[in-house]
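Encoded as structure tokens, the structure appears first; notes follow it.
The values are calculated or read from the model by the stated rules, or taken from the named source; none is laboratory data. All values reported here derive from a predicted model rather than from experimental measurement. Note that we place each Cβ from the backbone using ideal geometry, even for glycine, and neighbour counts take in every protein chain shown.
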Amino acid sequence: MLHETVIERFTIIVGKENVKYDNASLLAYSYDSTAQYQALPDAVIAPRNTEEVSQIVEICNEQKIPIVPRGSGTNLCAGTTPLEGGVVLLFKNMNEILEIDEDNLTMTVQPGVYTKTIFEAASQIGLFYPPDPGSMHISQIGGNISENSGGLRGLKYGVTNDYVLGLEVVLPNGEIIRTGGKLAKDVAGYNLTELFTGSEGTLGIITEAILKLIPKPETTKTMLALYHDLEEAAKTVSAIIANRIIPVTLEFLDQPTVKVVEDFAQIGLPTEAKAILLIEQDGAPEVVERDIDKISALCRENGAFDVTVAKTVEEAQALMTARRAALSALSRLMPTTILEDATVPRSEIANMVNAINEIAEKYNVNICTFGHAGDGNLHPTCLTDARNKEEIARVEKAFEEIFKKAVELGGTITGEHGVGAMKLPYLHLKVGEAGIEVMRNIKQAIDPNYIMNPGKMFARNKDEVVNE
Ligand SMILES: Cc1cc2nc3c(=O)[nH]c(=O)nc-3n(C[C@H](O)[C@H](O)[C@H](O)COP(=O)(O)OP(=O)(O)OC[C@H]3O[C@@H](n4cnc5c(N)ncnc54)[C@H](O)[C@@H]3O)c2cc1C
């Protein structure tokens, strides 16, 4: 509980309407999109500008009150669950596109702008902001930057980090710094822009970002390849890349996922296929034509029993929308959906898909798999029921084994969803204890009072390290 004088100080800064501490508000911000994590904050505050953020942070630092910056709460790693209480910071009043600079091809935004709004604003003037997490209709750019989110176009265009040129950040002591800028090159000191990108709200608060835009591709084509055998689909992914073709999108859905998505989206997806690949290429028309022909041939050579290219823009959009709906569709089936994002080198996709299926069978749990196959980024998704403690124990064991397998194959425990509280016990598998210690030292230097999003990424003290 916060002392009433502290609440009063917050209220003076942001106004009464922007400080909430009634039960309904606290409950609403006690959880995010991650199953099984919930904790009440003490207050929910929506500052209106950077100066107000800075003043609030100063008070929190002085009083050692935890701060959990929160975008739309769509993260899947318990990244915004206020595990130690404190203040949840919202950016609903900081949601403006501040500038589009067509000479420098940049867009300057506040943290609360929706990803889709950024994409659309760029698109309207013939420019392109590629990062497109499946949640882009509702996710905010501050959340995307803090998770370094990927998306369906990651294979060709990279992830959020590749489009962040500069940041304004409020540090845990209330100081405001600017990193990077509208620059194609900048090697002045440590790369602080990259340090804050993907830092999951543990180092500071992003209050402004300069994003890179690129010219909009001339044309796009979307196609679907169907397989009777899951491994053949996985092998096609490697074959496409090995043939020096980098599609924009190279998505994989297994049969259980296809069935559920079709039931949800009703667009005529082939539910008889054991696996499908959804592939998109963009660029100059002649290049797209050539690549799509080559990819079609590779799909057939590697066992696809059917390959179709979308005939209209609407047909293509329906396919992409259906893919984006995969998680929402799956979550209708059981009370609890646990979605993971084990990631391996592309060449190991087939081995990883097989391993996931074997592990699911071993622990007798229901796992559907889909994901950004071209990035080696799979989303094994477990449909379960958190009330069934015995089953949940098996699910946890299964995922632990999946993470270990991913790392064994040269991969990582998370390709885009972040560590948060959920993957904290597994971070050492990827970076080792020495790697965690480096991160802990960085945190200690920037946030000595440990107020920024505590309980996320790694434990506060070495001795507290939670091994799996
Ligand atoms: C249906 C669905 C599909 C998804 N698809 C994808 C996908 O394709 N690719 C992908 O990478 N992820 C995906 N996600 C995960 C999630 O949407 C992303 O992580 C997204 O970037 C989170 O944005 P958000 O606005 O909801 O942020 P939140 O969930 O609110 O916050 C995420 C993290 O950012 C921090 N944060 C938020 N704002 C700030 C700020 N201004 N300053 C400092 N820290 C801040 C928070 O503390 C937290 O650690 C998906 C999630 C769902 C539910």
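Only one of the numbered conditions (1) at pLDDT 95 or above; (2) near the ligand (Cβ under 9 Å from one of its atoms); (3) outside any strand (DSSP E or B) is not met by Cys60, and that is (2). Listed by first and then second residue, the pairs with beta-carbon distance under 8 Å, at least 6 apart or on different chains, first residue in region 2-28 and over 21 Å from Gln38 (Cα atoms), second among the polar types (S, T, N, Q) and outside any helix (DSSP H, G or I), are Asn18/Asn93.
Could you check, for region 122-133, whether at least one of its residues is near the ligand (Cβ under 10 Å from one of its atoms) and aromatic (Phe, Trp, Tyr)? There is no residue in region 122-133 that is near the ligand (Cβ under 10 Å from one of its atoms) and aromatic (Phe, Trp, Tyr).
Cβ-Cβ contacts under 7 Å between residues 6 or more apart (or on different chains), taken from a first residue in region 360-375 that is over 19 Å from Ala273 (Cβ atoms) and assigned to a helix (DSSP H, G or I) to a second residue that is at pLDDT 90 or above and away from the ligand (no atom under 16 Å from the Cβ), are listed as Ala360/Ile367; Ala360/Ala398.
One residue stands out among those in region 116-144 that are in a helix (DSSP H, G or I) and of a type in the set (A, V, I, L, M): the one that is surrounded by the most Cβ atoms within 10 Å (Cβ to Cβ), which is Ile141. Taking the criterion of being within 14 Å of the ligand (Cβ to nearest atom), among the hydrophobic types (A, V, I, L, M, F, W, C) and more than 18 Å from the chain's Cα centre (by Cα), no residue of region 331-349 qualifies. Could you check, for region 204-223, whether at least one of its residues is under 30 Å from Ala445 (Cα atoms), within 16 Å of the ligand (Cβ to nearest atom), of a type outside the set (Ser, Thr, Tyr) and part of a loop (DSSP other than H, G, I, E, B)? Scanning region 204-223 turns up at least one residue that is under 30 Å from Ala445 (Cα atoms), within 16 Å of the ligand (Cβ to nearest atom), of a type outside the set (Ser, Thr, Tyr) and part of a loop (DSSP other than H, G, I, E, B). Selection of first residues in region 433-444 that are in contact (Cβ under 8 Å) with a residue 12 or more places away in the chain and of second residues that are among the basic types (Lys, Arg), restricted to Cβ pairs under 9 Å at least 6 apart or on distinct chains, gives the following pairs, ordered by first then second residue: Glu433/Lys462; Ile436/Lys462; Glu437/Lys462; Arg440/Arg460; Arg440/Lys462; Lys443/Arg460. Consider region 14-50 and keep the residues that are in a helix (DSSP H, G or I) and either within 15 Å of the ligand (Cβ to nearest atom) or of a type in the set (S, T, N, Q) (or both). The one that is farthest from Val170 (Cα to Cα) is Asn23.
One residue stands out in region 259-312 among those that are of a type in the set (D, E, K, R) and in contact with a helix residue (DSSP H, G or I) (Cβ under 8 Å, 6 or more places away or on another chain): the one that is surrounded by the most Cβ atoms within 10 Å (Cβ to Cβ), namely Glu280. For region 8-35, how many residues meet the condition of being in contact with a strand residue (DSSP E or B) (Cβ under 7 Å, 6 or more places away or on another chain) and either surrounded by fewer than 18 Cβ atoms within 10 Å (Cβ to Cβ) or aromatic (Phe, Trp, Tyr) (or both)? Selection size over region 8-35: 5. Has region 185-198 got any residue that is within 22 Å of Pro69 (Cα to Cα), surrounded by fewer than 23 Cβ atoms within 10 Å (Cβ to Cβ) and touching a Lys or Arg at 6+ places or on another chain (Cβ under 6 Å)? No: zero hits. Looking only at residues of region 103-112 that are surrounded by fewer than 24 Cβ atoms within 10 Å (Cβ to Cβ) and within 10 Å of the ligand (Cβ to nearest atom), we find that the one that is nearest to Asn75 (Cα to Cα) is Gly112. Residue check: is Gly174 within 10 Å of the ligand (Cβ to nearest atom) and small (Gly, Ala, Ser)? Spelling it out, it is not the case that Gly174 is within 10 Å of the ligand (Cβ to nearest atom) and small (Gly, Ala, Ser).
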